[in-house]
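Read the structure below first, then the notes.
The values are calculated or read from the model by the stated rules, or taken from the named source; none is laboratory data. From a predicted model like this one, the values you see are computed outputs, not experimental measurements. No Cβ is skipped: glycine too gets one built from the backbone with ideal geometry, and neighbour counts run over all protein chains shown. Heavy atoms of the whole protein, side chains included, go into the accessibility calculation; ligands, DNA and RNA do not. Shrake-Rupley method; radii C 1.70, N 1.55, O 1.52, S 1.80 Å.
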Amino acid sequence: MITCPALPAPSNGTRLGCPWNATMYYDTVCHFSCNDGYIGFGSEVRRCKENGTWSGEDFTCQSMFPRLWD
C-alpha cells in the first residue's frame, strides 16, 4: 500500500480534498487556496505519487499588501 506524508494547510489558506489526520494514499489529490487578501505561490493541486511523494511544489499564501513597517 502506497502512502504519502500529510500536507499541512497553508497559513492564511485552506486545504481541500485530503483530510489532515488520515493516511494519504496513492492518487489522493489535495487542493489549496488562499484567504481573501492573499496570493498563492506553488502548486494549487498536488497528487500522491507511486513513489510516496507529492507532485508539484509546496503551496504558500502571501499578503497582497506588504507591510511597510517593522
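Things to note:
- Candidate set from the range 45-63 (those that are under 13 Å from residue 9 (Cβ atoms) and in a loop (DSSP other than H, G, I, E, B)); member that is most open to solvent (accessible area, probe 1.4 Å): 58
- Here residue 9 meets the list (1) in contact (Cβ under 8 Å) with a residue 12 or more places away in the chain; (2) surrounded by fewer than 15 Cβ atoms within 10 Å (Cβ to Cβ); (3) assigned to a loop (DSSP other than H, G, I, E, B) almost entirely, failing just condition (2).
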